[in-house]
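Shown next, in structure tokens, is the structure this report addresses.
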Amino acid sequence: MPTVTTDGTSFIIDNDRHLIVGGVVGYAGLPKDTWRARLRAAKASGLNTVVVPIVWAEHEPVPGKFRFDGDQDIAHFIATAAELNLKVIPRLGPAVASDLALGGMPHWITKELDSHSELRTPTPAFLTRVSKWFSQLGKQISGLQAT
């Protein structure tokens, strides 16, 4: 794994200064066989880093049933970016995109909370679900991160 530090101006990755030239490149909702072409296009446009929204609803469509294979194989997407020498900044969160319903959170979450006002608030029910989501996601991508 590469070593990452900062000097307050830029990132230093394995002793090389790294200026981030990035943009958002999503995988959610797209066929896996299109990912490499999308990432190549991002690189060809001058990007060296891609910001990847990781959409919770794509990975847990049913409470407790996580999917990280096929078109939901986030580890493969990140590995493909690495093969193309692109850095990845995962955009994590319960909500990751304003243009998605509930910001990308699964629709079933509203049925588990007492009210919609509990979304994005530190209530035990919401935090329990988010914790389970992050735990499952972490198992998929933690080994791919720089330290």
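The values are calculated or read from the model by the stated rules, or taken from the named source; none is laboratory data. Since this is a predicted model, take the numbers as computed values, not measurements. Glycine also receives a Cβ, built like all others from the backbone with ideal geometry; neighbour counts cover every protein chain displayed. Keep in mind that these areas ignore ligands, DNA and RNA; they rest on the heavy atoms of the full protein, side chains included. Shrake-Rupley method; radii C 1.70, N 1.55, O 1.52, S 1.80 Å.
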Discussion item. Condition check: closer than 28 Å to Arg36 by Cα, surrounded by fewer than 17 Cβ atoms within 10 Å (Cβ to Cβ) and free of Cβ contacts under 8 Å to residues at least 60 places away in the same chain. Does Leu92 satisfy that?
Written reply: yes
Discussion item. Residue under question is Thr123, and the condition is that it be of a type in the set (S, T, N, Q) and either open to solvent by 50 Å² or more (accessible area, probe 1.4 Å) or farther than 25 Å from Ser142 by Cα (or both); does it hold?
Written reply: yes
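Going through Lys87, Lys65, Lys111 one at a time, which residue ends up being at pLDDT 90 or above and more than 26 Å from Arg36 (Cα to Cα)? Step through it out loud before you land on a result.
Values: Lys87 fails: more than 26 Å from Arg36 (Cα to Cα); Lys111 fails: at pLDDT 90 or above.
Lys65 is the lone residue from the list that is at pLDDT 90 or above and more than 26 Å from Arg36 (Cα to Cα).
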Practice prompt. Report, by residue number, each residue of region 97-107 that is open to solvent by 10 Å² or more (accessible area, probe 1.4 Å) and either on the phi < 0 side of the Ramachandran plot or at pLDDT 95 or above (or both).
Written response: Ala97, Ser98, Asp99, Leu100, Ala101, His107
Practice prompt. Name every residue in region 12-26 that is in a loop (DSSP other than H, G, I, E, B) and surrounded by fewer than 17 Cβ atoms within 10 Å (Cβ to Cβ), in order of residue number.
Written response: Asp14, Asn15, Leu19, Ile20, Val21
Worksheet entry | Condition check for Ala42: out of contact with any strand residue (DSSP E or B) (no Cβ under 9 Å at 6 or more places or on another chain), in contact (Cβ under 8 Å) with a residue 40 or more places away in the chain, in a helix (DSSP H, G or I) and open to solvent by less than 60 Å² (accessible area, probe 1.4 Å) | no
Worksheet entry | Leu30, sole failed condition from (1) in contact with an Asp or Glu (Cβ under 9 Å, 6 or more places away or on another chain); (2) more than 19 Å from Gly103 (Cβ to Cβ) | (2)
Discussion item. Take Thr147 and tell me if it is among the hydroxyl-bearing types (Ser, Thr, Tyr), more than 18 Å from Asp73 (Cα to Cα), at pLDDT below 90 and in contact with a strand residue (DSSP E or B) (Cβ under 7 Å, 6 or more places away or on another chain).
Written reply: yes
Worksheet item: Of the residues that sit in region 27-39 and are under 14 Å from the mean Cα position of the chain (by Cα) and open to solvent by 20 Å² or more (accessible area, probe 1.4 Å), which one is farthest from Gln140 (Cα to Cα)?
Response: Gly29
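Among residues belonging to region 135-144 that are at pLDDT 95 or above and surrounded by 15 or more Cβ atoms within 10 Å (Cβ to Cβ), point out the one that is farthest from His76 (Cα to Cα). Don't jump to the end; show me each part of the working.
Going through region 135-144, the residues at pLDDT 95 or above turn out to be 135-141.
Subset that is surrounded by 15 or more Cβ atoms within 10 Å (Cβ to Cβ): 136-137, 140-141.
Numbers: Gln136: 16, Leu137: 13, Gln140: 10, Ile141: 9 Å.
Going through the qualifying residues, I end up with Gln136.
Just wondering, is there one or more residues in region 71-80 that are of a type in the set (Val, Ile, Thr) and without any contact (Cβ under 8 Å) to a residue 12 or more places away in the chain? Walk me through it before giving the result.
Taking region 71-80 as the starting set, the residues that turn out to be of a type in the set (Val, Ile, Thr) are 74, 78, 80.
Restricting the remaining residues to those that are without any contact (Cβ under 8 Å) to a residue 12 or more places away in the chain gives none.
For region 71-80, residues of a type in the set (Val, Ile, Thr) and without any contact (Cβ under 8 Å) to a residue 12 or more places away in the chain: absent.
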Practice prompt. Quick one: in region 46-83, of everything that is open to solvent by less than 30 Å² (accessible area, probe 1.4 Å) and touching a Lys or Arg at 6+ places or on another chain (Cβ under 6 Å), which residue is nearest to His107 (Cα to Cα)?
Written response: His59
